[in-house]
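Notes for the one structure printed next.
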Amino acid sequence: MIRTLSTPPAMSSGCLSDAPQPVLPAGDSLLLRPWERADAAAFLSVYQDEETRRWHTHRPSTEAQVAEWFAAYRQDWEREKGCHFAVVRDDGEVLGRMALRGLDFDDGVANAAYWVLPAARGAGVATRALAALSAWALDDIGFHRLELDHSTRNTASCRVATKAGYRLEGTKRNAAVHDDGRHDMHLHARVRGDR
C-alpha cells in the first residue's frame, strides 16, 4: 500500500547516505566512528558481561555473528535505516556503542541506543557520547526528536539519558521482555532546541 503524506517529510532522503558515515568528536579524547572489523572482539566481549546481558537480549555469540552485525550496520547507513557508531578513545580503544535506529524521515524522529564496556563505566563516557550523537543528529542532520527507552530498573541508563538532555516523559508499562521477564520502560526524549 502506498501512503501519501499530506505534509512534506520533515527530512529528505539522502541526508545520511549521500556522504560517508562521519567521525564525531565527543570531547575528552572520545570519538564516535563507524565499526571496523578489528573491533569484533571488543564488541563481542561486552555481551559476556552480566550487566550488559541483563539489559540487552539481542546479542551475538561469535565473532562471525559480530561481522554480520557490522555488515548490517553499513547497510543501515546506506539505506538510511540506522546509524551505528563505536565509541573509542583517540588511540582506537573501543569503549562503547551509540546508535540511532528506527529512523523516521517523515516525522524527523529516531531512537537512540547505547552500551559501554565495563571498564569504561562511571567515567561519563556514555553521557558524552550520547550528547555528541544527539547534537549531530538534531543540529547537523535535521532530526526533530530523539527518543530512548530503558528498563525502569536500569538506573544507570536513566542517569545517562538525563545528563545528556533527554527528559523523562513517562513509563511504558510491560513494554519489553528481558531475560528475567517483562519490564516497564522509561521513555526519554530530546527535541531540537532542548538544552
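Solvent-accessible area of GLU93, all protein chains in place: 80 Å² (probe radius 1.4 Å, heavy atoms, ligands and nucleic acids excluded).
Net charge of the neighbourhood of SER13, taken over other residues with C-beta under 13 Å away and scored Lys/Arg +1, Asp/Glu -1, is -3.
Less than 5 angstrom separates the built amide H of ALA164 from none of the residues sequence-distant by 5 or more or on a different chain. Specify whether the C-alpha gyration tensor of the range 65-165 places it in the rounded, prolate or oblate class, a ≥ b ≥ c being the square roots of the eigenvalues: rounded for a/c under 1.5, otherwise prolate if a/b is larger than b/c and oblate if not. In terms of gyration-tensor shape, oblate. If you look at the Cα atoms of the range 19-95, you get an Rg and a Dmax of 12.9, 37 Å.
Computed over neighbours whose Cβ is under 9 Å from that of ASP184, the net charge equals +4, Lys and Arg +1, Asp and Glu -1. Please work out the Cα center distance from the range 166-181 to the range 103-137, rounded to the nearest Å. Measuring centre to centre over Cα atoms gives 18 Å. Calculated on the Cα set of the chain, radius of gyration then Dmax: 16.5, 49 Å.
The order of VAL23, VAL46 by accessible area, most exposed first and with a 1.4 Å probe, is VAL23, VAL46. Computed in the context of the full set of protein chains, the accessible area of the range 44-195 at 1.4 Å probe radius has 45% of its extent on carbon or sulfur.
Along the range 128-139 the Karplus relation, 6.51 cos²θ - 1.76 cosθ + 1.60 evaluated at θ = phi - 60°, assigns HN-Hα couplings of 5, 5, 5, 5, 5, 4, 5, 4, 4, 5, 7, 8 Hz to successive residues, with x for each Gly and Pro. Couplings for the range 16-28, taken from phi via the Karplus curve 6.51 cos²θ - 1.76 cosθ + 1.60 with θ = phi - 60°, read 9, 6, 6, 9, x, 4, x, 9, 10, x, 10, x, 6 Hz in order; Gly and Pro are left as x. Where only DSSP H runs of four or more residues are counted, the chain gives -7500 deg cm²/dmol as its mean residue ellipticity at 222 nm, each run worth -39500 (n - 2.57). Over the chain, accessible surface divided per residue gives 53 Å², non-protein components excluded, 1.4 Å probe.
Every Cα-Cα pair in the range 146-195 was counted, and those over 18 Å apart are 27% of them. Who wins for biggest fluctuation among THR127, THR152, THR62 in a Gaussian network model of the chain, springs between alpha carbons below 10 Å? Result: THR62 has the largest fluctuation of those listed. In plain terms, the chain from ARG53 to ARG79 could stretch by 6.5 nm, reckoned as 0.36 nm per residue minus the Cα-Cα distance. For the chain, a Gaussian network of Cα nodes joined below 10 Å ranks ASP180, ASP76, ASP18 by mean-square fluctuation, and the top entry is ASP180. Rounded to the nearest Hz, the phi-derived 3J(HN,Hα) couplings of the range 78-89 under the Karplus curve 6.51 cos²θ - 1.76 cosθ + 1.60 (θ = phi - 60°) are 4, 8, 6, 10, x, 10, 10, 10, 7, 9, 9, 6, where x marks glycine and proline.
The values are calculated or read from the model by the stated rules, or taken from the named source; none is laboratory data. Quick caveat: nothing in here was measured; it's all calculated off a predicted structure. In this analysis, Cβ positions are derived from the backbone assuming ideal geometry, glycine residues included, and neighbour counts consider all displayed protein chains. Note: areas computed on protein heavy atoms with side chains; ligands, DNA, RNA excluded. Shrake-Rupley method; radii C 1.70, N 1.55, O 1.52, S 1.80 Å.
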